[in-house]
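The values are calculated or read from the model by the stated rules, or taken from the named source; none is laboratory data. Just so it is clear, the structure is predicted and the values come from calculations on it, not from any experiment. Every residue, glycine among them, receives a Cβ derived from its backbone with ideal geometry; neighbour counts consider all protein chains shown. Keep in mind that these areas ignore ligands, DNA and RNA; they rest on the heavy atoms of the full protein, side chains included. Shrake-Rupley method; radii C 1.70, N 1.55, O 1.52, S 1.80 Å.
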Amino acid sequence: MAKKDKQKDTLLQAPKGMRDILPEEYHFYQNFFEKAEEIANYYGFQPIQTPHLEKIDLFTAAVGEATDIVEKQMYTLKTRGGDRLVLRPEGTAPVLRTYLKHGMYTWPQPVMLWYKGSFFRHENPQAGRFREFQSFGLEILGEENSIADATIIKVATTILEELGLTQYIVHINSIGDKECRGVYRKELSNYYRRKINHLCKDCRRRLKENPLRLLDCKEESCQELKKEAPQMINFLCPNCKIHFKEVLEILDTLNIPYLLDHYLVRGLDYYSRTVFEVYSVSSDVNGKKEREKEEKIEMPENSFLTTGFALLGGGRYDYLSKILSNKDVPAVGVGMGAERIIMALTEKNLLRHKSRAPKVFFIQIGALAKRKSLLLTEMFRKAGIPLAQSVTKDSFKSQLKIAARLGASLILILGQKEALEETVIARDLGLGGQDIVPFSKIVEFVKNKLKEKKHG
Ligand SMILES: [Zn+2]
Ligand SMILES: [Zn+2]
């Protein structure tokens, strides 16, 4: 390739880890978000939108200085005015910021919100993980009762089920509160300090900052050590124990399958008590080993039937509000990854979207017909009948070709003669036959034709 061509070639590429979503795939996203919104609305969640850019301090304070997100993964920028901003890496901190900023604690509690959109993390792209990714999130703010934790899990898994992902498992753990986590932290740090020579470089540093994060390490040697590490469940204080027990009891009542995952901590500092992740379950036992090999990932322990990445994850974050304000706001939430869910649907051959291709194709030939066609299009739009057409193609043949590709079953033809006489030729591609219909009757005629086809 010549040098210039090469330059042009790279010119057309989206930035690493970011992607173009073409019409067909867009419909899959649309289907996911529509389903999620519909179910969230039904359960009483309300929509909220926060900016794509936030001040960097929000995340360093909320997510934690020593987390991967803040240390390595944020897209930061300095504005001309000197502000330090970041492309939002997650949705919970911005939603809570909005809740506090707009005094939503004065509203009837709890406040239940949903959000959707793009998030950004500068990490190595791999299957199901992109630098720009889309999420649907749910938050229940101002409620400490365990029913809120269970509601979040219930609504999120219902969305999966409605999309067709009926086989899943909830990995769940309690990481305690300020009452009891300190003791566990100490125990964990004692355990790991004895093994310090076997720890990876990152974990040696993490050991000083937050020993809980060692449990998240993907390094093989650290994974090995985790197997013997102390478990939080043995250190929970009575209140945390009751809370966790209640959450599990509600999941039992709702028949939601779960697995106690004693080392699940999630890589953010703000969580307390309940943390969870949901994995798609494969009926294929061998599938796990193959995927591990293919994608060089290790699947969560005790869950040999699950695919390699969490479709959604979340937890309780009762202390986050105190970091951002002096208000006490117990809260719990979940984030659902659109790319991962669409990937899981693809794997299970469950990907579908409502057919949005119109059944009626409108062919126009000649300048006068093209002009008058706009009148007719508007009549059909008002009547709620979807119409496909190709305004730029002139020949009958090329327009007919497009109609065939779209699978139209009825074509309307407006030629020079028809345009003068204000009539339309309606040709039925399914049943055969054609009619000449005046402009004034055409909408009614098409309506009846479509009804006939639906019943026939
Ligand atoms: Zn490690
Ligand atoms: Zn506790």
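Scanning region 113-132 for residues that are open to solvent by 40 Å² or more (accessible area, probe 1.4 Å) and part of a strand (DSSP E or B) gives K116, Q126, R129, E132. Would you confirm, using the coordinates I've provided, whether I152 is in a helix (DSSP H, G or I), open to solvent by less than 10 Å² (accessible area, probe 1.4 Å), in contact with a strand residue (DSSP E or B) (Cβ under 6 Å, 6 or more places away or on another chain) and under 30 Å from T346 (Cα atoms)? When the stated conditions are applied, I152 passes them. The set of residues in region 15-43 being out of contact with any Ser or Thr (no Cβ under 8 Å at 6 or more places or on another chain), open to solvent by 40 Å² or more (accessible area, probe 1.4 Å) and either among the polar types (S, T, N, Q) or not in a helix (DSSP H, G or I) (or both) consists of P15, K16, M18, R19, D20, I21, L22, Q30, N41. Here T76 fulfils each of the conditions (1) in contact with a Lys or Arg (Cβ under 8 Å, 6 or more places away or on another chain); (2) assigned to a loop (DSSP other than H, G, I, E, B) apart from (2). Considering region 219-240, the residues that are within 12 Å of ligand 1 (Cβ to nearest atom) and among the polar types (S, T, N, Q) include one that is nearest to the chain's Cα centre (by Cα), namely Q223. Which residues, counting only those in region 216-240, are more than 16 Å from ligand 2 (Cβ to nearest atom), under 28 Å from E144 (Cα atoms) and in contact with a Leu (Cβ under 8 Å, 6 or more places away or on another chain)? Matches in region 216-240: none. Within region 79-90, the set of residues being surrounded by 12 or more Cβ atoms within 10 Å (Cβ to Cβ), part of a loop (DSSP other than H, G, I, E, B) and either of a type in the set (D, E) or out of contact with any Asp or Glu (no Cβ under 8 Å at 6 or more places or on another chain) (or both) comprises P89, E90. Taking the listed residues H27, H102, the one that is more than 18 Å from G335 (Cα to Cα) and at pLDDT below 95 is H27, with no other qualifying. Listed by position, the helices (runs of 4 or more DSSP H) contained in region 201-272 that have at least 2 residues being among the β-branched types (V, I, T), out of contact with any Gly (no Cβ under 7 Å at 6 or more places or on another chain) and open to solvent by less than 60 Å² (accessible area, probe 1.4 Å) are 238-253. Restricting attention to region 167-200 and to residues that are of a type in the set (S, T, N, Q) and within 16 Å of ligand 1 (Cβ to nearest atom), the residue that is most open to solvent (accessible area, probe 1.4 Å) turns out to be N197.
Strands (runs of 3 or more DSSP E) fully within region 343-456 that include at least 2 residues being exposed (fewer than 15 other Cβ atoms within 10 Å of the Cβ): 434-438. Given the criteria free of Cβ contacts under 8 Å to residues at least 40 places away in the same chain and part of a helix (DSSP H, G or I), does Y105 qualify? Judged against the criteria, Y105 is not a match.
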